[in-house]
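Down below is the structure, laid out as C-alpha cells.
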Amino acid sequence: MTAEVHRLTGLSARVVRVFEDDGDDVFTVMQDPEGNEFCVERGSGDRRSDST
C-alpha cells in the first residue's frame, strides 16, 4: 500500500486520511486533482505493519 500511495501522490493525488484499527481494516483515503475521493486498501501481499 505504501508504494501505491507514493505512486499516486507522484501523479498529483493527495492523502486525505489514513484509517487503521486493531483488525485488518487499514486503508488510505486519497483525493485526485479534481477533488474525487478514493481509497487505497492494504493488499494481501502487504505486511501488517505497512499502513501508510
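Here, each number is a calculation from the coordinates, and none is a lab measurement. Just so it is clear, the structure is predicted and the values come from calculations on it, not from any experiment.
Gain in length, E34 to D22, computed as 0.36 nm per residue apart minus the alpha-carbon separation, to one decimal in nm?
1.1 nm
Given a cut-off of under 8 Å on Cα pairs at least six residues apart, what relative contact order in percent is computed for the range 2-41?
Relative contact order comes out at 32 percent.
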